[in-house]
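Quick notes on the structure that follows.
The values are calculated or read from the model by the stated rules, or taken from the named source; none is laboratory data. Quick caveat, the model's predicted, so the values are computed rather than measured. Methodologically, a virtual Cβ is constructed for each residue, glycine included, from the backbone with ideal geometry; neighbour enumeration extends over all protein chains shown. Each accessible area value is taken on the protein alone, full model and side chains, heavy atoms only, with ligands, DNA and RNA left out. Shrake-Rupley method; radii C 1.70, N 1.55, O 1.52, S 1.80 Å.
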Amino acid sequence: MRAVRIHQFGGPEVLRVEEVAEPTPGPGEVLIRTIATSINPVDDKTRTGAIGDATPPLPLTLGWDLAGVIVDGGTSEFRPGDRVIAMSHQLATTRGTWADLVVLAADVLAPAPTTVSLTEAATLPLPGLTAVQTLDWLAVAAGDRLLIAGAAGAVGGLAVQLARTRGAQVHALVSREAQLPVVKEFGAEFATTDPADLADGGYDAVFDTFGAFVTDAVVDGGRYASIASQAGPVPDLSARGVRTTINQVVEDGAGLRELSGLVDSGALVLRVAESFPVREVRAAHERFAVGGGNGKITLTF
Ligand SMILES: NC(=O)c1ccc[n+]([C@@H]2O[C@H](COP(=O)([O-])OP(=O)(O)OC[C@H]3O[C@@H](n4cnc5c(N)ncnc54)[C@H](OP(=O)(O)O)[C@@H]3O)[C@@H](O)[C@H]2O)c1
């Protein structure tokens, strides 16, 4: 079977589509045929070596997101032919999803949404779980004033929509004018490209996806979560009674099941900017590096 692997760090040219042995599921595991996956910033950083010491030894199969079909469900609820999605914490487990066949623990899987293609579904797992777990840490609830920085991105776009389902009032900081209508369509009541437009102390919670560190915007006693590990720690705001964190996503099949249901109920819209066959994975990474699209770059198998 094919797998996208790296033997050294570098640009897209280090990505190799190789023939490797098929994996065999153990107890509690399932075998999935990959139909689609998507590129996340962590894949790009892993390829370049930017993850540093947290990178497992090379060679590595890349990929966190997975949408596919069950081949062998083992003792799980999943039967051959079932459409599923999963997030694999590839850096922790070395189980990259960019391969024709993937073995994962059954409890990190969920049924795929039925109302979208598996290519669209492949944009959901990592960004969706990151969004929901960070909103949970921020304890976002009805009536909260929430600021999302990087609101048009993969995580941010889902976070805007999820926060609206909780009844929060969402404001958005984005990088480009073209993103303003996108985040308003997702439910942001106010959107800007200029951090100076954000009221000091105007937000109960701030969800920061790119290291904006707009810490004046959070109210004293509020909550501030960043997911941009590479940007460094959130400044210490304890003197103002503000709780801070850099949130790290974890595998969670039950959480994915809820996200899948929200897609099918129409509460979550998924966005594919461009899709590439896996043999063109280098071109897909080049496109990812250019950025500027509305939605994620997907790979199909
Ligand atoms: N800690 C975790 O567990 C975890 C999980 C998932 C992701 N992450 C990290 O979180 C970050 C976001 O991930 P993602 O998948 O959402 O990436 P993404 O789709 O690239 O989204 C990032 C968004 O931030 C925007 N942005 C960047 N700089 C900006 C600025 N100066 N002002 C306003 N907006 C700005 C980008 O705008 P443009 O499109 O114009 O560039 C983009 O819309 C990445 O660094 C990723 O590695 C961490």
Point to revise | Contacts under 7 angstrom Cβ, first residue in the range 170-192 being at positive phi and touching a residue at least 24 places away in the same chain (Cβ under 8 Å), partner open to solvent by less than 30 Å² (accessible area, probe 1.4 Å) and of a type outside the set (Asp, Glu), 6 or more apart | key: Gly187/Val160; Gly187/Gln161; Gly187/Val170
Review point. Out of the range 240-260, which residues are part of a helix (DSSP H, G or I) and open to solvent by 40 Å² or more (accessible area, probe 1.4 Å)?
Key: Arg240, Ala254, Arg257, Glu258
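Test Ala142 against the criterion of being surrounded by 24 or more Cβ atoms within 10 Å (Cβ to Cβ), at pLDDT 95 or above and not charged (D, E, K, R), and give yes or no.
Numbers: surrounded by 24 or more Cβ atoms within 10 Å (Cβ to Cβ): no; at pLDDT 95 or above: yes; not charged (D, E, K, R): yes.
For Ala142, the condition - surrounded by 24 or more Cβ atoms within 10 Å (Cβ to Cβ), at pLDDT 95 or above and not charged (D, E, K, R) - is not met.
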Point to revise | Qualifying residues in the range 64-90 (those that are out of contact with any helix residue (DSSP H, G or I) (no Cβ under 6 Å at 6 or more places or on another chain) and assigned to a strand (DSSP E or B)) - the one surrounded by the most Cβ atoms within 10 Å (Cβ to Cβ) | key: Leu66
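Please work out which residue is most open to solvent (accessible area, probe 1.4 Å), limiting yourself to the range 278-301 and to residues that are part of a helix (DSSP H, G or I) and more than 16 Å from the ligand (Cβ to nearest atom). It would help to see each step written out before you state the result.
Taking the range 278-301 as the starting set, the residues that turn out to be part of a helix (DSSP H, G or I) are 278-290.
Those left that are additionally more than 16 Å from the ligand (Cβ to nearest atom): 278-283.
On the way: Val278: 4, Arg279: 179, Glu280: 74, Val281: 2, Arg282: 107, Ala283: 40 Å².
That would be Arg279.
Kindly check whether there is at least one residue in the range 210-222 that is assigned to a strand (DSSP E or B) and within 12 Å of the ligand (Cβ to nearest atom).
Restricting attention to the range 210-222, the residues satisfying the condition of being assigned to a strand (DSSP E or B) are 218-222.
Now narrow it down to the ones that are within 12 Å of the ligand (Cβ to nearest atom): none.
No: zero hits.
Name the one entry in Leu262, Leu237 that is under 16 Å from Val116 (Cβ atoms) and at pLDDT 95 or above. Break it down stepwise before answering.
Numbers: Leu237 fails: under 16 Å from Val116 (Cβ atoms).
Of Leu262, Leu237, the one residue that is under 16 Å from Val116 (Cβ atoms) and at pLDDT 95 or above is Leu262.
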Practice item. May I ask you to list the residues in the range 114-164 that are assigned to a helix (DSSP H, G or I), out of contact with any Leu (no Cβ under 7 Å at 6 or more places or on another chain) and β-branched (Val, Ile, Thr)? Key: Thr119, Thr130, Thr134, Val155, Val160
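Out of the residues in the range 263-277 that are in contact with a Ser or Thr (Cβ under 7 Å, 6 or more places away or on another chain) and in contact (Cβ under 8 Å) with a residue 60 or more places away in the chain, which is surrounded by the most Cβ atoms within 10 Å (Cβ to Cβ)? Walk me through it before giving the result.
Just the residues of the range 263-277 that are in contact with a Ser or Thr (Cβ under 7 Å, 6 or more places away or on another chain), to begin with: 263-264, 267, 270-272, 275, 277.
In the following step, the residues that additionally are in contact (Cβ under 8 Å) with a residue 60 or more places away in the chain were identified as 263-264, 267, 270-272, 275.
Working: Val263: 23, Asp264: 15, Ala267: 14, Leu270: 25, Arg271: 16, Val272: 19, Ser275: 19.
The selected residue is Leu270.
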Point to revise | Which listed residue, of Thr165, Thr115, Thr97, Thr193, is of a type in the set (Ser, Thr, Tyr) and over 25 Å from Glu251 (Cβ atoms) | key: Thr193
Point to revise | Pair list, Cβ < 7 Å and 6+ apart or interchain, from the range 32-50 residues that are within 16 Å of Arg95 (Cα to Cα) to residues that are among the aromatic types (Phe, Trp, Tyr) and surrounded by fewer than 18 Cβ atoms within 10 Å (Cβ to Cβ) | key: Arg47/Phe9
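Which one is farthest from Ile227 (Cα to Cα), of the residues in the range 30-63 that are assigned to a loop (DSSP other than H, G, I, E, B) and within 16 Å of the ligand (Cβ to nearest atom)?
Filtering the range 30-63 down to residues assigned to a loop (DSSP other than H, G, I, E, B) leaves 39-40, 49-51, 55-59, 62-63.
In the following step, the residues that additionally are within 16 Å of the ligand (Cβ to nearest atom) were identified as 39-40, 49-51, 55, 62-63.
Values: Ile39: 17, Asn40: 13, Gly49: 19, Ala50: 16, Ile51: 14, Thr55: 18, Leu62: 20, Gly63: 19 Å.
So the residue we want is Leu62.
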